[in-house]
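Colleague: Quick one: the structure is below, and I'll ask about it shortly.
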Amino acid sequence: MVERQRLFVIGWHWPLFFSYFAWVFYRRLWALGVTLIAIPVVLELLGFGTNAAAGGATIGLCIAMKSLYVNEGLKQILKADDLEFDGAQRMAYLMQKGGVSLLAGTVAGILYLIIVAVALIAAGREFAGAV
């Protein structure tokens, strides 16, 4: 992406597809993670339902995630440049801003599993009531 000076590439991101917002929190993309949790809740509260919107959002993010993640990293590198960090100071700054959070990923993964379990139970009850 950097060599070709392209800000967006099309690809597919399996970790996001299988874990949805848990991977995003694991990669410390806090704002995107909160957004991924909030979108289905807001759509449900507004009466739009969540199935089609959440499915479309997931597919769109799986296609765009590589670009989003790389661009976030480049943004932090450019900020380190603007702050004129070099050597150990630059490395410490980038390590603090980047990397992963096992704790956030684990908590988000557990929350995701709870949400899936609740959705499956609700769907099972609705199906049983329809039969």
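Colleague: To the nearest 10 Å², what's residue 35's accessible area with a 1.4 Å probe?
Modeller: Per-residue accessible area (residue 35): approximately 60 Å².
Colleague: Follow-up question, since we're still on this one. Between beta-carbons, use under 14 Å as the cut-off and find the net charge around residue 76, counting Lys and Arg +1, Asp and Glu -1.
Modeller: +3
Colleague: Here is a follow-up. Stretched out fully, how many nm does the piece from residue 48 to residue 77 gain, at 0.36 nm a residue minus the Cα gap?
Modeller: Fully extending the segment from residue 48 to residue 77 adds 6.5 nm.
Colleague: Mean-square fluctuation check for the chain, GNM, Cα pairs under 10 Å: which of 88, 38, 80 is largest?
Modeller: Highest fluctuation among the options: 88.
Colleague: Add +1 for every Lys or Arg and -1 for every Asp or Glu among the other residues with Cβ under 15 Å from the Cβ of residue 102, and state the total.
Modeller: Net local charge, residue 102 excluded: +2.
Colleague: Taking R0 as 30 Å, what FRET efficiency do you get between residue 63 and residue 130 from their Cβ-Cβ distance, rounded to the nearest 0.05?
Modeller: It comes out at approximately 0.30.
Colleague: While we're looking at this one, here's another question. Could you report the accessible area of residue 23 in Å², rounded to 10, computed with a 1.4 Å probe on the protein chains as they sit in the structure?
Modeller: Only protein atoms counted, so the area is about 30 Å².
Colleague: Determine the calculated [θ] at 222 nm for the chain from helices alone, applying -39500 (n - 2.57) to every DSSP H run no shorter than 4 residues and normalising by the residue count; nearest 500 deg cm²/dmol.
Modeller: Mean residue ellipticity at 222 nm (helix-derived): -25500 deg cm²/dmol.
Colleague: Once you place label points 7 Å from the Cα toward the Cβ at residue 34 and residue 6, how far apart are they in nm?
Modeller: Result for the modelled spin labels: 3.3 nm.
Colleague: In whole percent, how big is the carbon plus sulfur part of the accessible area of the chain, probe 1.4 Å, protein atoms only?
Modeller: For the chain, the apolar C and S fraction of the accessible surface comes to 69 percent.
Colleague: In square angstrom, rounded to the nearest 10, how much accessible surface does residue 72 have for a 1.4 Å probe?
Modeller: 60 Å²
Colleague: In Å³ and rounded to a whole number, note down the convex hull volume per residue for the Cα atoms of the chain.
Modeller: It comes to 130 Å³ per residue, whole-number rounded.
The values are calculated or read from the model by the stated rules, or taken from the named source; none is laboratory data. Computed from a prediction, not measured in an experiment: that's the story for all the values here. For neighbour counting, all protein chains shown are included, and Cβ atoms are generated from backbone atoms with ideal geometry for every residue, glycine included. Surface areas here come from the heavy atoms of the whole protein model, side chains and all, with no ligands, DNA or RNA. Shrake-Rupley method; radii C 1.70, N 1.55, O 1.52, S 1.80 Å.
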